[in-house]
1. Hey, which of the helices (runs of 4 or more DSSP H) in region 145-246, taking only ones fully inside, have at least 3 residues that are in contact with a Gly (Cβ under 7 Å, 6 or more places away or on another chain) and among the aliphatic types (A, V, I, L, M)?
2. Quick check on this structure: which one of Phe173, Phe188, Phe205 is in contact (Cβ under 8 Å) with a residue 24 or more places away in the chain, of a type in the set (Phe, Trp, Tyr) and under 21 Å from Trp33 (Cβ atoms)?
3. For region 38-117, give me every one of the helices (runs of 4 or more DSSP H) that falls completely inside it and has 3 or more residues that are more than 21 Å from the chain's Cα centre (by Cα).
4. What are the residue pairs meeting all of these: first residue in region 52-65, first residue surrounded by fewer than 18 Cβ atoms within 10 Å (Cβ to Cβ), second residue part of a helix (DSSP H, G or I) and modelled with pLDDT under 85, Cβ atoms under 9 Å, and 6 or more apart or on different chains?
5. Looking only at region 128-139, decide whether some residue is under 25 Å from Glu45 (Cβ atoms), at pLDDT below 90 and not small (Gly, Ala, Ser).
6. In this structure, does Phe139 turn out to be among the aromatic types (Phe, Trp, Tyr) and within 24 Å of Trp24 (Cα to Cα)?
7. Check Leu202 against each of (1) within 22 Å of Leu164 (Cβ to Cβ); (2) modelled with pLDDT under 90 and name the one condition it does not meet.
8. Answer with yes or no whether Ala166 is free of Cβ contacts under 8 Å to residues at least 12 places away in the same chain and surrounded by 15 or more Cβ atoms within 10 Å (Cβ to Cβ).
Amino acid sequence: MLPVLQIGPVAIQLPGLLLIAGVWLGSVLAERWAWRSGHSGDGVERLILVGLAAWILGARLGYAARYLEVYARDPLALLALTPVTLAPEVGAAIGLIAALVYGQRRRLPLGPTLDALTPGMAAFAVCLALAHLASGDAFGAPTDVPWAIVLWGMPRHPSQVYELLAALVILAFVLRLRPGAPFTGYAFGVFVALSATARLVLEAFRGDSVAWFGTLRAAQIVSLAILLAALAVLRRLVQPMADPGR
C-alpha cells in the first residue's frame, strides 16, 4: 500500500491522484468513442464535466448536512480540499441528475451517449481499483491462501488486486467493441452486466462488506439486481434483431 507518494519535499495523496487520472483518461476515451460513432465528442466531454462538478458539490454539501453545527461555525471549511469530508452516495445521485438534465437540454441521444461514456467508465474503474490498492480501502477478508497479503495486522485476500484484474479484463473487452454494434446501447449494457457480475463474485472475498438481515452482503444483493436488470434490458433490445418480421 502506498497512500502517500513522497517526491522530494512534496507529499502527494496517491489515491486521489489516481482518481484524477481516471477522470482524465475516462474523458479522453469517451470523447474519442463519441467522435468514432459520429456524435459530438465535445457534448460528451461537457456532460462529464457537468456531472463531475455536480458530484463534488453534492458530495460536499451532503457531508456538511450531516454536521451542520460544525459548518455553521466555520462555513469556510466547505472549501477545504479534504476527500474524507465528502458523501459519495449523495454526490453520485446529484451528479447523475445533473448529467441527465444537461444531456436532455442539449438533446444528446441517450443510447449513443451511454455507449460513448462506457470506455471512460471502464477506464475509471481500473484507476479506482489502483486507488484502493494504494490506500488499502476495499480490503480483503482474512485468509490463509498462499497469495495472501498482510494488511491491518493479518493475512487477507488481495481483494484490490482481484478488483484490478477484473477491471482490466472488462476494459479490454469494452475497447474491442465497435460503436453502435450490434445495436445502440449494447456497449453500456454489457459493461453494466460485466461490472455487476464482477462485484457479485468478488464481494465474497471482501472484508469490509456491509451485511443486510444479518448475513446477506448488501453489495451482492444490489449487484445481482443490477445484473438481472441489465440482462433484461439487453434481451429486450436484441429481440427485434432476432425476429425482424415481428
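The values are calculated or read from the model by the stated rules, or taken from the named source; none is laboratory data. All values derive from a computational prediction rather than experimental measurement. Cβ coordinates were reconstructed from backbone atoms using ideal geometry, including for glycine residues, and neighbour counts include every protein chain displayed.
1. Details: elements: 159-175, 186-202, 218-242.
Filter on region 145-246 gives 218-242.
2. Going through Phe173, Phe188, Phe205 in turn, just one is in contact (Cβ under 8 Å) with a residue 24 or more places away in the chain, of a type in the set (Phe, Trp, Tyr) and under 21 Å from Trp33 (Cβ atoms): Phe188.
3. Details: elements: 41-66, 68-73, 88-105.
Correct list: 41-66, 68-73.
4. If the second residue must be part of a helix (DSSP H, G or I) and modelled with pLDDT under 85, the pairs left are Ile56/Gly91; Leu57/Gly91; Leu61/Leu78; Leu61/Val90; Leu61/Gly91; Ala65/Tyr71; Ala65/Val90.
5. Yes: one or more hits.
6. On the way: among the aromatic types (Phe, Trp, Tyr): yes; within 24 Å of Trp24 (Cα to Cα): no.
The answer is no for Phe139.
7. The one condition Leu202 does not meet is (2).
8. So Ala166 does not fit the description; no.
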